Amino acid sequence: MNHKSKGKFMSQWQLQAMIWPSIILMILFAYIPMFGIIIVFQNYSPLDGFTGSEFVGFQNFQAFLGDKDFYNVLFNTLGISLVKLLVGFPAEIILALLINELRVGMFKKFAQTISYLPHFLSWVILGGMVISWLSAAGLVNNILMSLHIVSEPIEFLSNPNNYWGIATLSDIWKEVGWGTILYLAAMSGIDPTLYEAAKVDGAGKIRRIWHITLPGISQIVVLMLVLRVSGVLGSNFEQGLVLQNSLNMPRSEVLDLFVYHLGLGNGDFSYAAAIGLFTSVVSVILLLLANLATRKINKASIF
């Protein structure tokens, strides 16, 4: 550190000190626990500890890569995440555009509040509502039967083929409003004179959105897309834990739940940790590839 930088640091030591607790907590709870990764190369036993457990090398990785159940779980994870990405990501942008076009202040605030509200409710609450509504005697079946669309109740959550759609729609219901915040913030920063000039030139609302609003939020769209792609192996753990049952498990078991069941349920810590490490490494690779792709296409990236 040169004298100029040292002097600037010392003159702002009060501000610098505000970040020290966060750095200490990050070291304690994020970096020091990384030592635990060693168990992926061991047949770990809590009684023997890190130093006494048998070293098995890459045996845990070979085991799950040869496990047919792992590939079924991986298929479910990618399938659910990609459906959520293809449906949920555009839904956030469309909702943000619709809210941005509202001109009545009170109604705009009301629409934002209603769309944000589900985000602040846990999956225990929302999942319970979904299970209740989709049960044989629930709201959805009552409506369908009263309209004579079906003659007998549909077992929505008992049929594995329905799970991906239910997971996608319930996730959108919970998060689509919250996902609009960054887009609305970016839209508020667009120069209003651009819209006025477009109106003078005869551009309609759709053209103004296409040629002004969307280009104005393109950087945020790229950022969110890259982050969403990097998280495709992390399907919502809480959602799956609430909505999963023994009947829909063939299509609801995702990697996070698989690791949870193996690690805490069966006590196979090394095997579960190996799958978790594999997931993390692949997620980082996807993040880099998504960022590279957006840089090539849009000349924009997050790093």
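Values quoted throughout were computed directly from the atomic coordinates according to the rules given, and no laboratory measurement underlies them. Since this is a predicted model, take the numbers as computed values, not measurements. Here the Cβ positions follow ideal geometry from the backbone for every residue, glycine too, while neighbour counts run over all protein chains shown.
Data overview
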read-out	value
Which label in [x] 65, 43, 31; [y] 81, 76, 37; [z] 62, 53, 36 gives the computed Cα extents along the principal axes in Å	[y]
Relative exposure of PHE107, PHE258, judged by other C-beta atoms within 10 Å (fewest first)	PHE107, PHE258
Approximate spin-label separation SER22-VAL150, in nm, with each point projected 7 Å along Cα-to-Cβ	4.8
Sequence-separation-based contact order of the chain, relative, with Cα cut under 8 Å and 6+ spacing, percent	24
Over 20 Å [Cα-Cα, region 214-279], rounded percent	44
Kirkwood Rh, Cα atoms: Rg over Rh of region 1-119	1.21
Amide H contacts under 5 Å for VAL56, placed H, 5+ residues apart	GLN42, ASN43
Estimated Rh, region 100-171: Kirkwood, alpha-carbon pairs, angstrom	14.4
Net +/- balance of residues flanking ASN141 in space, Cβ distance below 10 Å, scoring K and R +1, D and E -1	-2
Charge dipole (region 140-266, unit charges on Cβ, about Cα centre) - positive-most of ALA203, LEU225, VAL254	ALA203
Charge dipole (debye, nearest 20) of region 110-213; +1 at Cβ of Lys and Arg, -1 at Cβ of Asp and Glu	280
Listed residue (SER146, THR113, ASN43) projecting farthest to the positive dipole end of the chain, Cβ model	THR113
The chain - mean residue ellipticity at 222 nm from DSSP helices (-39,500 (n - 2.57) per run, n ≥ 4, rounded to 500)	-19500 deg cm²/dmol
Within region 26-134, trypsin sites (Lys or Arg not before Pro) in DSSP loop having at most 13 other beta-carbon neighbours inside 10 Å	ARG103
Estimated FRET transfer efficiency when R0 is 41 angstrom, pair TRP173-GLN62 (beta carbons, to 0.05)	0.50
